[in-house]
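Single-structure report; data block below.
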Amino acid sequence: MPTSKNGFKQFTGTPGYIASGPLVDAVNCAIALERPLLLKGEPGTGKTVLARHVAEGLGMPMLSWHIKSTSKAVDGLYVYDTVQRLNDSRFGTGDVADIRRYIKLGPLGQAFAARERHVLLIDEIDKADLEFPNDLLRELDEMRFGIFETSEEVVAAHRPVVMITSNNEKELPDAFLRRCIFHYIEFPDVALMRKIVAVHHPHLEAKLLDQVLIKFYWLREQSELRKKPSTSELVDWISALLRAGLSPADLEAHIPFVGTLLKKEQDVDALQRHGGRGGRVPARWADLGPRYQQ
């Protein structure tokens, strides 16, 4: 487990996840203060997969809790499987007197009950109702919970490293925000994107990478697009190009396999209208303007 002399810089990234300096700082700040790290950013910027790499970098096991619209904070602690107990009582397939057999710990409950510290991912918290975030923080503050059916209490030996993602589907309560470390993952610039692509395609020809990135960032600049292509879609597009054996010259005048990048029919139509009006796709960085001068 990499640590600095004062113990602050515990996470430094992993070979499989290229994290910016501010993101690394946010992770280490959350670890040091024992606060949840709330992550926002465009879809495809690596919010969810970051937790797995933090667990890898810290040498900790990981638990995931994917939030639904019906999720309640208590579900993360435990559920009492009354349906299974009823079935066992009807069909005689289990010892229904032992209620512990029907208590199933949720991801948060497992993290509290574990003997070693875990990384806990709470994914897409904004899908739940408005009370969920504050209820969740109350459980994290107390670091213990009771199981009503058995009168047992679970007391956490370690505070988990909690990472929470949000896609901004709804506003989160101010009380919740005050108790989190916040980081917005900016969309990677060209230099960082080259490093990210190198993780997934380490032997990509430089000229092909240039053509790929020119087309990719040009698409993201088009105001007509309803859904801009993301990093994960870029990686998939490169995989398709490589499997098809396309060369840099094949990409100069058009964008093949556009369905790997654009996922809405309106966006595909917008690209076709651009071509129908005689518009061309760029082949040089200079065509993208001064912002993208290499």
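Every number here is computed from the coordinates shown, using simple stated rules; none is lab data. Please read all numbers here as calculations on a predicted model, not as lab measurements. Cβ placement follows ideal geometry from the backbone for every residue including glycine, while neighbour counts extend to all protein chains displayed.
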Q) For segment 19-65, what D do you get in µm² per second when you plug the Kirkwood radius from alpha-carbon pairs into Stokes-Einstein at 20 °C and 1.002 mPa s? A) 187 µm²/s
Q) When only Cα pairs under 8 Å and 6 or more residues apart are kept, what is the percent relative contact order across segment 21-185? A) 38 percent
Q. Based on the Cα coordinates of the chain, what is the per residue volume of their convex hull in Å³?
A. 191 Å³
Q: Give the Cα extents of segment 21-185 along the principal axes, in whole Å, largest first.
A: 58, 32, 27
Q) Which value, in debye to the nearest 20, gives the size of the charge dipole of segment 150-294 about its Cα centre, when Lys and Arg are +1 and Asp and Glu are -1 at the Cβ? A) 320 debye
Q | Backbone N within segment 114-152 under 11 Å of label point (7 Å from Glu169 Cα along the Cβ vector) | A | 124-129
Q) At q = 0.11, 0.13, 0.20 Å⁻¹, what is the log10 ratio I(q)/I(0) for segment 191-294, with the Debye formula run over Cα points and no solvent? A) -0.31, -0.44, -1.11
Q: Grab the Cα-Cα distance for Ala157 and Gln222, subtract it from 0.36 nm times how many residues apart they are, and report the gain in nm with one decimal.
A: 18.3 nm
(Q) Please give me the summed charge of the neighbours of Asp25: other residues whose Cβ is under 14 Å from its Cβ, Lys and Arg +1, Asp and Glu -1. (A) +1
Q: Return the subset of Lys68/Lys104; Lys40/Lys228; Lys127/Lys227; Lys72/Lys263 for which the Cα-Cα distance in this structure is over 23 Å, preserving the input order.
A: Lys72/Lys263
Q. Of the chymotrypsin sites (Phe, Trp or Tyr not before Pro) in segment 108-175, which ones lie in a loop per DSSP and count no more than 11 other C-beta atoms within 10 Å?
A. Phe148
Q | Cβ-based exposure ranking for Tyr78, Tyr184, in which fewest neighbours within 10 Å come first | A | Tyr184, Tyr78
Q) Which number comes out as Rg/Rh for segment 255-294 once both Rg and the Kirkwood Rh are worked out on C-alpha atoms? A) 1.04
